[in-house]
1. Whether any residue in region 82-100 is among the charged types (D, E, K, R) and in contact (Cβ under 8 Å) with a residue 60 or more places away in the chain is what I want to check.
2. Look through region 40-56, keep the residues that are more than 18 Å from Ala88 (Cα to Cα) and exposed (fewer than 12 other Cβ atoms within 10 Å of the Cβ), and return whichever of them is nearest to the chain's Cα centre (by Cα).
3. Within region 16-38, can you find the residues that are among the acidic types (Asp, Glu) and at pLDDT 90 or above?
4. Given the criterion farther than 30 Å from Gln46 by Cβ, part of a helix (DSSP H, G or I) and aliphatic (A, V, I, L, M), identify the matching residue among Leu83, Leu104, Leu72.
Amino acid sequence: MNARIAAEQTESRADQADARLKPELAALTAADLTRMNVDVAKTAQQVLARLPKLRALGGELRTVLPAFDQRLFDKLEDCALVLAAAQARYTAEAENAHATPSPLRQATKLRKILIADAVAL
């Protein structure tokens with residue numbers, strides 16, 4: 001499979017997952033959020049990679065962990081996809097913010113050059 005096609009399929013899955021989780025995410029307050037101290041992209045990737053094996057163990061997990069809320073497990077893939085997509089958007093925006101100099105920085109640089117040229121004349 002072509003890498004571009006795979007990326008588009010993953011993005012489509014992430015968009016669908018986002019639509020499913022949107023009401024819950026919109027209901028979150030600042031107090032519900034926690035600062036993360038992990039590699040977000042790697043964590044999401046690991047969750048998605050291990051998900052088939054976890055699903056295969058589903059019956060055993062329910063037996064071993066009867067108090068575990070199964071709805072959380074059912075949403076794990078959606079959460080990982082949305083998290084990975086959000087991290088990718090954040091990383092892309094952060095890179096663009098540093099790559100494109102602001103008009104003020106450009107003007108300041110040009111002003112310094114102009115002053116240096118004027119002094120040299």
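1. No, every residue in region 82-100 fails to be among the charged types (D, E, K, R) and in contact (Cβ under 8 Å) with a residue 60 or more places away in the chain.
2. That would be Pro52.
3. Listed by number, the residues that qualify are Glu24, Asp32.
4. Details: Leu83 fails: farther than 30 Å from Gln46 by Cβ; Leu72 fails: farther than 30 Å from Gln46 by Cβ.
After applying the criteria, what remains is Leu104.
The values are calculated or read from the model by the stated rules, or taken from the named source; none is laboratory data. Everything quoted here is computed from the prediction, not taken from an experiment. Note that each Cβ is placed from the backbone with ideal geometry, even for glycine, and that neighbours are counted across all protein chains shown.
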